[in-house]
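The values are calculated or read from the model by the stated rules, or taken from the named source; none is laboratory data. This one's a predicted model, so the numbers in the text were calculated from it and none came from an experiment. Note: ideal-geometry Cβ built from the backbone for every residue, glycine included; neighbour counts use all protein chains shown.
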Amino acid sequence: MSDAGTAPNSSVDEAETADSAVEAAARHTPRGLPLRVENLRKEFGGITAVDGATFSVEAGSLTGLIGPNGAGKSTTFNCITGVHDPTAGHVYFQGEEITGLRPDQIANRGLVRTFQIARELHDMTVLENVMLAPRGQVGESLVRSVLPGLRREVVEQERELHERAWETLEFFEIDHLAFEFAGNLSGGQRKLLEMARVLMTDPEMVLLDEPLAGVNPTLERKLLGRVHDLREDGYTFLLVEHDMDVIMNNCEHIIVMHQGKVLAEGEAADIRNNEQVVEAYLGETI
Ligand SMILES: Nc1ncnc2c1ncn2[C@@H]1O[C@H](COP(=O)(O)OP(=O)(O)OP(=O)(O)O)[C@@H](O)[C@H]1O
Ligand SMILES: [Mg+2]
C-alpha cells in the first residue's frame, strides 16, 4: 500500500488540496452547460404538456430541439423563460437556479426567447420596436431628469441606444424598413425584427421558436447566416424548427421531444437512424 497521501512535502499536499477545491467548484458551476433543465413538468388542467424533460445545452452551440406537433417544445421554452411556472422540475442558467423567476428577471440574466408567433408592436415603427427592447436602461425617472449629471447620462444612453439600434437593423438588413410600421412587415421581415429585438437585449443565450416558419428562402438563408455569425461571437442558441433539413444541416446537437419527454439526443446521423425517433414522426421523412 502506498503512503503517498502522508508524504512529508506538505506544500505539495496544499497545492493538491487547492487544485481539488478549484475542481470541485468547477463541477458545481457548469460553465460549459449554460442551460440545464431537470425533470421539467408542466400540466394544464388534465393535459401534461411537458412530462419530466431533462437536457442540457452546451455553451456556444447551436442545439436543435425537435419533435412532432404537441411534443411540448414551446411549453418547455415557456417554462425555461418564465412565461409559465413549471408544475415541477428545475431550470438552471449559468449554474444558478432560475425556476419560477419572471421573464424580465430571466432576460436580465441573459436568457431570452423569440416566440412562435412574432410579438412586435404593430403601431410602432421598426426602429421604435428595436429601441424598446434593451434591458438595464437608466430610464428617465423624475429624479434623474432633474439632476443634470444623470440627465446627461440619460441623453448619452439614448444616443448609444440609437446607434446600437441602427447597427442591429443593418446586421439583419432591415435598416431600410426603420420607419415602417411593424404591422406592415411581411412574415419573414417580422421574424428578422424579432431577432433584432432579442439581440438588443444583449443576451448570452437565445431560444428560437420556429424562427423560419413563413420565411422565404432568401430571408431564411439570411437569418441562419446571422445565427451562425452570432454563434461564432460566442452566443448560444437552442432552436425549435420543423424543417428537418435546417436542423440536420445546422445543429451540431439535436434533442428530440415526444409526448413531453426527451426521446433521444445526439448528432444528426444518430437522430436520423434512431428507430424511436422515426416512429415518433410516424414515417415523416427526417
Ligand atoms: N396554454 C395552454 N393551455 C392548455 N394546453 C396547452 C397550452 N399550451 C400548450 N398546451 C398543450 O400542451 C401540449 C404541448 O404543446 P406545445 O405547444 O408545447 O407543443 P409544441 O411541441 O410546441 O408543438 P408545435 O410543434 O405544434 O408548436 C399540446 O397538447 C398543447 O395543446
Ligand atoms: Mg410550438
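Some notes on this structure:
- Which numbered condition LEU208 misses (of (1) of a type outside the set (Phe, Trp, Tyr); (2) surrounded by fewer than 19 Cβ atoms within 10 Å (Cβ to Cβ); (3) not in a helix (DSSP H, G or I)): (2)
- Meets criteria (surrounded by 13 or more Cβ atoms within 10 Å (Cβ to Cβ), over 27 Å from the mean Cα position of the chain (by Cα) and at pLDDT below 85) for VAL146: no
- Residue under evaluation GLY234, criteria (1) at positive phi; (2) surrounded by 19 or more Cβ atoms within 10 Å (Cβ to Cβ), criterion not met: (2)
- Taken over the range 165-221, the criterion of being in contact with a Gly (Cβ under 6 Å, 6 or more places away or on another chain) and of a type in the set (Asp, Glu) is satisfied by GLU204 alone.
- Matching residues, the range 158-194, being exposed (fewer than 15 other Cβ atoms within 10 Å of the Cβ) and in contact with a His (Cβ under 6 Å, 6 or more places away or on another chain): GLY183
- Those helices (runs of 4 or more DSSP H) lying entirely in the range 1-109 with at least 1 residues closer than 19 Å to GLU204 by Cα and modelled with pLDDT under 90: 103-108
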